[in-house]
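See below for the structure under consideration.
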Amino acid sequence: MIKKLLFLKSRILVVGLGLIGADTINSAGYTGSGIKVAVVDTGIDSSHAEFSGRTIYGKDFGGSTNGYADDENGHGTHVASIIGANKDAVGMRGVAYDSTLYSYRVANDSGSLTGVTSDSKRALLYNQHVSDNIKVSNNSWVTSGYATTYNESTLRSAYAQTISALRSAQQNGTVFVFATGNDGAVQARLFGSLPYKITELANEWLTVASVGSNLQETAYSNRCGVSADFCVTAPGGGDDRASDGIYGARADGTYSSWAEGDYVRLKGTSMAAPHVSGVVATTMQQFPSLT
């Protein structure tokens with residue numbers, strides 16, 4: 001049902017807020033208000049003007065020095081801005097600009113994703129989704145491997161705590177959004193395609209591949225592969241980042257060689273996933289009674 005609604009609301013998810021129908025959705029009064037969105041990433045630079053006047057909630061799972069409301073890497077800030085940057089006629093804006101952002105920082109100060117390196121750490125992260133009553137979880141990160149290379153029993157043994165925490169969050173109302181990865185492979189990376197083997201996770205799960213402004217899947221984007229039943233596409237920037245990248249907030253001191261003031265253009269399925277998370281948030285606001 002959620003995939004059908006995404007199609008009905010946005011037709012096809014293509015480059016730019018205007019082309020995914022964000023103006024139409026927002027003008028109808030659906031801006032993500034009241035929807036808690038977790039950004040599982042490198043943190044969010046809460047001092048950026050795109051989050052001015054907003055309270056960024058969250059928790060640090062990566063053992064960083066400055067905590068969840070900072071971002072020495074910049075990736076999470078860019079992702080968060082695609083979801084929920086302010087609508088203020090300055091810079092850019094998010095798809096669900098009235099959503100409540102939670103920074104679930106899983107990176108340390110150097111940007112290594114230390115908070116998702118074990119079954120127990122991931123379980124802690126996803127159990128927090130239940131504690132905070134998160135409704136949309138954006139996961140613009142990948143691990144090595146593909147679901148097709150593992151049998152179900154191996155995955156259930158290796159990821160027992162993670163699977164239990166993911167399912168508990170889903171039963172509490174969370175929809176998970178995962179990037180497919182940027183290897184140009186025919187399959188989404190392991191976590192993006194996890195419901196192919198762990199089928200009870202599939203109904204509240206979306207995996208996201210990337211298209212550029214030409215509406216074609218990019219060369220870098222992993223395809224949906226076996227995750228096709230729960231996979232969609234969204235704008236992630238074209239193969240030429242400089243001319244067709246997704247414009248978003250730049251955390252202070254990051255991406256210095258690509259900086260456009262306090263903004264930067266990036267490409268990747270990491271940028272595609274938050275477009276979908278934003279649409280899911282507006283859908284949830286519009287249809288609060290849907291499972």
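The values are calculated or read from the model by the stated rules, or taken from the named source; none is laboratory data. Note that the coordinates shown come from a computational prediction; the quantities given were computed from them, not determined experimentally. Neighbour counts are summed over all protein chains in view; Cβ atoms, including those assigned to glycine, are modelled from backbone coordinates with ideal geometry. Calculation scope for accessible area: heavy atoms of the full protein, side chains included, ligands and nucleic acids excluded. Shrake-Rupley method; radii C 1.70, N 1.55, O 1.52, S 1.80 Å.
Annotations
- Breaking point among (1) modelled with pLDDT of 95 or more; (2) in contact with a helix residue (DSSP H, G or I) (Cβ under 8 Å, 6 or more places away or on another chain); (3) farther than 19 Å from Ser137 by Cβ, for Arg105: (3)
- Scanning segment 197-217 for residues that are farther than 22 Å from Leu266 by Cα and either surrounded by fewer than 24 Cβ atoms within 10 Å (Cβ to Cβ) or touching a residue at least 60 places away in the same chain (Cβ under 8 Å) (or both) turns up Lys197, Ile198, Thr199, Glu200, Leu201, Ala202, Asn203, Glu204.
- For the condition in a loop (DSSP other than H, G, I, E, B), at pLDDT 95 or above and under 17 Å from Val175 (Cβ atoms), Gly32 qualifies.
- As a summary of the residue check, Thr162 satisfies the conditions (1) out of contact with any Asp or Glu (no Cβ under 6 Å at 6 or more places or on another chain); (2) within 20 Å of Ser144 (Cβ to Cβ); (3) in contact (Cβ under 8 Å) with a residue 40 or more places away in the chain except for the one numbered (1).
- Among the numbered conditions (1) free of Cβ contacts under 8 Å to residues at least 40 places away in the same chain; (2) assigned to a helix (DSSP H, G or I), the only one that Gly184 does not meet is (2).
Table: residues versus (1) surrounded by 22 or more Cβ atoms within 10 Å (Cβ to Cβ); (2) more than 17 Å from Leu19 (Cβ to Cβ); (3) among the polar types (S, T, N, Q).
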| residue | (1), (2), (3) |
| --- | --- |
| Arg223 | no, yes, no |
| Ser227 | yes, yes, yes |
| Gly236 | yes, no, no |
| Arg241 | no, yes, no |
| Ala249 | yes, yes, no |
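- Matching entry among Ala107, Ala69, Ala96, Ala89 (being part of a loop (DSSP other than H, G, I, E, B) and on the phi > 0 side of the Ramachandran plot): Ala89
- Between Ala89, Ala85, Ala123, Ala107, the distinction of being closer than 15 Å to Val37 by Cβ, aliphatic (A, V, I, L, M) and either open to solvent by less than 10 Å² (accessible area, probe 1.4 Å) or without any contact (Cβ under 8 Å) to a residue 40 or more places away in the chain (or both) belongs to Ala85 only.
- Qualifying residue in segment 65-72 (condition: under 14 Å from the mean Cα position of the chain (by Cα) and of a type outside the set (Ser, Thr, Tyr)): no
- Near pairs, Cβ below 9 angstrom, 6+ apart or cross-chain, from segment 126-149 (within 26 Å of Asn182 (Cα to Cα) and assigned to a loop (DSSP other than H, G, I, E, B)) to any residue that is acidic (Asp, Glu) and open to solvent by less than 50 Å² (accessible area, probe 1.4 Å): Ser140/Asp41; Trp141/Asp41
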